[in-house]
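The values are calculated or read from the model by the stated rules, or taken from the named source; none is laboratory data. Remember, it's a predicted structure, so these values are computed and weren't measured experimentally. Note that we place each Cβ from the backbone using ideal geometry, even for glycine, and neighbour counts take in every protein chain shown. Calculation scope for accessible area: heavy atoms of the full protein, side chains included, ligands and nucleic acids excluded. Shrake-Rupley method; radii C 1.70, N 1.55, O 1.52, S 1.80 Å.
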Amino acid sequence: MSNNETLFQRAQITTPGGVNSPVRAFRSVGGTPRFIKKAQGAYFWDADDKRYIDYIGSWGPAILGHAHPEVISAVQQAASLGLSFGAPTEAEILMAEEICKLVPSIEQVRLVSSGTEATMSALRLARGATKRDKIIKFEGCYHGHADSLLVKAGSGLLTFGNPTSSGVPNDFTKHTLVLDYNDCTQLENAFKELGDQIACVIVEPVAGNMNLIKASDAFLQTMRRLCTEYGSILIFDEVMCGFRVALGGAQSIYNITPDLTALGKVIGGGLPVAAFGGKAEIMAHLAPLGGVYQAGTLSGNPVAVAAGLTTLKLIQAPDFYTNLTNQTQKLVGGLNAVAKELNIDFCADAIGGMFGIYFCKDVPNSFKQVMQADANKFKQFFHEMLELGIYLAPSAFEAGFVSAQHTNSVIETTISAARIALQKLTCK
Ligand SMILES: *Cc1c(COP(=O)(O)O)cnc(C)c1O
C-alpha cells in the first residue's frame, strides 16, 4: 500500500471522510487523496515523495508560489513576538490601510478568519443596515457554508429556495431567492416583484466555484443599477477572485463599485485571514458602533496578518499581474491548441491567475452549461494528469490557479502532459 493510502485509511478512523474539507476527499474523481508533506514554488510533494506541479495553490492563496521566503520570514518574526493577544495590534491597521488603498470601494474593513465568516457577516450587515430580510444569490456561486446560503432554486422562478445541505431548516432559507447567473431578465423581474424587500444581492463577479465562469458586463451593471434603484446592498464576494484576477479585484476589471466586498484566500497568503468591508456608512452599523453583532477571538491574528500583509506588499511589484496573466494565458492557449489538434471537445479559459478547463466545445457561461460538460472525461483526464505529476482541482466544478512561480518551463511541462493525457482519452 502506498503511504497516501495508509494515511487515508488512518485518517478515516478519526476524521469524517478522512478530510477536513470535503473536496479534498477526491469523491468526485475517485481514488486516493494525496497527503501533502511540503510545498515550494509551483510544486508540492505527497506522502510517497512524488512531486506535482500544483494548480490549486491552496485554492487561491498561494499566488506568490508556495513558501515564499519573505512571507515565511514575516510569519516567523511575528510568531516570535507571541501568537495571539485578543487585543488590537498596529499590524491590523496596516492591513486595513492596505486593503482600503488597493480596493477603493472599501472605505472601512473588518478582518475575520475565513471567507465563510466574511460573507456571513456581510449578509447580516446588509440585512441590519436595510432592515430587510430577503437576499438574492445565483445558482453555482459559493459563498461559504452559512445556513442561508446553502440553497438551491425553488420550484418557481420567484419562489424562495430550498436547503442544499441537511441540517439547514427550511425556515433559514425561505428568504433566499436563487437566480441564474448571467441572466439579466430574471434579475429585473425579481426586483420588479420584490425589490423593496431585498436587503442585498450577493455574487461572485468572477465565479470560481462552478468551474470558472465570467460574469457578463451587462449582468453586473444591471445588478448595480437595480440595487441602487431599490436601496438594496450589492455585495461582491471576491473571496476567490479578489487579488487573483487583478490587483483591485474583479470590481476593477468590470469598473463597478459594490457597496460591500468580501475578501479571503489571497489576503491571508496561506494563513486564515479574510475580511469584509465597504462604504463607511454601512460599516458603521457594526458593533461596537451599531447594532449588528460580529466578533472573533482570532480575528486579525498577528501571525496570520503578517503573512497577509507581506503577500499584499509583494503582489504590488511592477508587472506582477501582467506576468501572472501572461503565464495563465500561455497555459490555456497551449491547452486549447492541443485540444484543437486532437479534435477533442475541450476548451480552457482564464482571467488573471485563475483558469477553467471544460470538456465541452464552448466556454460555458452559466451553471446549467457547466453541468452539461462531460464529467467522465474530466475524471479520466484528472487521473492521467495526476499520474504525470500535474495536480489539478479534483472536481470539474472548481477553478484552477496559477502562481508567480509557474515559469515557462512549468507551463510547457503541463501542456506536454496534457497532450499525452488527452491523446489517451481519444483512444478510449
Ligand atoms: C472559498 C470561498 C468562500 C469561503 O471561504 P472559506 O475561507 O473557505 O470559508 C466564500 N466565497 C467564495 C467565492 C469562495 O471562493
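Going residue by residue through segment 72-81, is there one that turns out to be touching a Gly at 6+ places or on another chain (Cβ under 6 Å) and either crowded, with 17+ Cβ neighbours inside 10 Å or not assigned by TED's automatic domain parsing to the domain that holds Gly208 (or both)?
Within segment 72-81, not a single residue is touching a Gly at 6+ places or on another chain (Cβ under 6 Å) and either crowded, with 17+ Cβ neighbours inside 10 Å or not assigned by TED's automatic domain parsing to the domain that holds Gly208 (or both).
All but one of (1) more than 16 Å from the ligand (Cβ to nearest atom); (2) over 20 Å from Arg124 (Cβ atoms); (3) polar (S, T, N, Q) hold for Asn211, so report the exception by its number.
Single failed check for Asn211: (1).
Would you mind finding the one in Pro169, Pro104 that is modelled with pLDDT under 95 and either away from the ligand (no atom under 16 Å from the Cβ) or open to solvent by less than 10 Å² (accessible area, probe 1.4 Å) (or both)?
Working: Pro104 fails: modelled with pLDDT under 95.
Criteria check complete, one pass: Pro169.
Quick one: count up the residues across segment 224-252 that are within 16 Å of the ligand (Cβ to nearest atom), assigned to a helix (DSSP H, G or I) and aliphatic (A, V, I, L, M).
1
With respect to the numbered conditions (1) open to solvent by 10 Å² or more (accessible area, probe 1.4 Å); (2) touching a strand residue (DSSP E or B) at 6+ places or on another chain (Cβ under 8 Å), which one is the sole condition not fulfilled by Phe236?
With respect to (1) open to solvent by 10 Å² or more (accessible area, probe 1.4 Å); (2) touching a strand residue (DSSP E or B) at 6+ places or on another chain (Cβ under 8 Å), Phe236 is out only on (1).
Of all residues in segment 134-162 being at pLDDT below 90 and in a strand (DSSP E or B), which is nearest to the ligand (Cβ to nearest atom)? Break it down into steps so the answer makes sense when it comes.
Start the filter on segment 134-162 by keeping residues that are at pLDDT below 90, which leaves 152-162.
Filter once more, keeping what is in a strand (DSSP E or B): 152, 162.
Values: Lys152: 17, Asn162: 21 Å.
Taking the candidates together, the pick is Lys152.
Scan Ala250, Ala207, Ala218 and give me the residue that is in contact with a Cys (Cβ under 9 Å, 6 or more places away or on another chain), closer than 30 Å to Ala91 by Cα and either assigned by TED's automatic domain parsing to the domain that holds Ile135 or open to solvent by 10 Å² or more (accessible area, probe 1.4 Å) (or both).
Working: Ala207 fails: closer than 30 Å to Ala91 by Cα; Ala218 fails: closer than 30 Å to Ala91 by Cα.
Selected residue: Ala250, the only one of Ala250, Ala207, Ala218 that is in contact with a Cys (Cβ under 9 Å, 6 or more places away or on another chain), closer than 30 Å to Ala91 by Cα and either assigned by TED's automatic domain parsing to the domain that holds Ile135 or open to solvent by 10 Å² or more (accessible area, probe 1.4 Å) (or both).
I need the full set of residues from segment 244-286 which are of a type in the set (S, T, N, Q) and more than 17 Å from Leu312 (Cβ to Cβ), in order please.
The answer is Asn255, Thr257.
So, restricting to strands (runs of 3 or more DSSP E) that lie completely within segment 264-358, which ones have at least 1 residues that are touching a strand residue (DSSP E or B) at 6+ places or on another chain (Cβ under 8 Å) and open to solvent by 30 Å² or more (accessible area, probe 1.4 Å)? Steps first, please.
Values: elements: 274-278, 347-351, 354-358.
It comes to 347-351.
May I ask you to list the residues in segment 39-50 that are open to solvent by 80 Å² or more (accessible area, probe 1.4 Å) and in contact (Cβ under 8 Å) with a residue 24 or more places away in the chain? Please lay out each step first, then the result.
From segment 39-50, those open to solvent by 80 Å² or more (accessible area, probe 1.4 Å) are 40, 49; that's our starting set.
Listed by number, the list holds a single entry, Gln40.
Among (1) under 21 Å from Thr257 (Cα atoms); (2) open to solvent by less than 10 Å² (accessible area, probe 1.4 Å); (3) touching a strand residue (DSSP E or B) at 6+ places or on another chain (Cβ under 6 Å), which single condition is Gly195 missing?
Just one mismatch for Gly195, condition (3).
Out of Ala404, Ala375, which single residue is in the same structural domain as Phe35 (by TED's automatic domain parsing) and in contact with a Gly (Cβ under 6 Å, 6 or more places away or on another chain)?
Only one candidate qualifies: Ala404.
Looking at Lys101, Lys50, can you tell me which residue is basic (Lys, Arg), out of contact with any strand residue (DSSP E or B) (no Cβ under 9 Å at 6 or more places or on another chain) and assigned by TED's automatic domain parsing to the domain that holds Gly242? It would help to see each step written out before you state the result.
Working: Lys50 fails: assigned by TED's automatic domain parsing to the domain that holds Gly242.
It is Lys101.
Out of the residues in segment 253-263 meeting the condition of being part of a loop (DSSP other than H, G, I, E, B) and open to solvent by less than 20 Å² (accessible area, probe 1.4 Å), tell me which one is nearest to Leu125 (Cα to Cα). Break it down into steps so the answer makes sense when it comes.
From segment 253-263, those part of a loop (DSSP other than H, G, I, E, B) are 255-259; that's our starting set.
Filter once more, keeping what is open to solvent by less than 20 Å² (accessible area, probe 1.4 Å): 256, 258-259.
On the way: Ile256: 21, Pro258: 14, Asp259: 11 Å.
Within segment 253-263, the match that is nearest to Leu125 (Cα to Cα) is Asp259.
Please go through segment 1-20 and give me each residue that is at pLDDT 95 or above and open to solvent by 70 Å² or more (accessible area, probe 1.4 Å), ordered by number. Please lay out each step first, then the result.
First, the residues of segment 1-20 that are at pLDDT 95 or above: 2-20.
Correct list: Asn3, Glu5, Gln9, Arg10, Gln12, Ile13, Thr14, Pro16, Asn20.
Hey, can you tell me all the residues within segment 261-313 that are within 13 Å of the ligand (Cβ to nearest atom) and either over 30 Å from Gly82 (Cα atoms) or of a type in the set (Asp, Glu) (or both)?
Correct list: Thr261 only.
What do you reckon, is Cys200 surrounded by fewer than 24 Cβ atoms within 10 Å (Cβ to Cβ) and touching a residue at least 24 places away in the same chain (Cβ under 8 Å)? Even if it seems obvious, please write down each step before you answer.
Details: surrounded by fewer than 24 Cβ atoms within 10 Å (Cβ to Cβ): no; touching a residue at least 24 places away in the same chain (Cβ under 8 Å): yes.
Against the criterion (surrounded by fewer than 24 Cβ atoms within 10 Å (Cβ to Cβ) and touching a residue at least 24 places away in the same chain (Cβ under 8 Å)), Cys200 does not qualify.
How do the pairs read when you match residues in segment 51-63 that are farther than 13 Å from Leu324 by Cα and within 12 Å of the ligand (Cβ to nearest atom) with residues anywhere that are at pLDDT below 95 and open to solvent by less than 10 Å² (accessible area, probe 1.4 Å), using Cβ under 8 Å and keeping only pairs 6 or more apart or on different chains?
none
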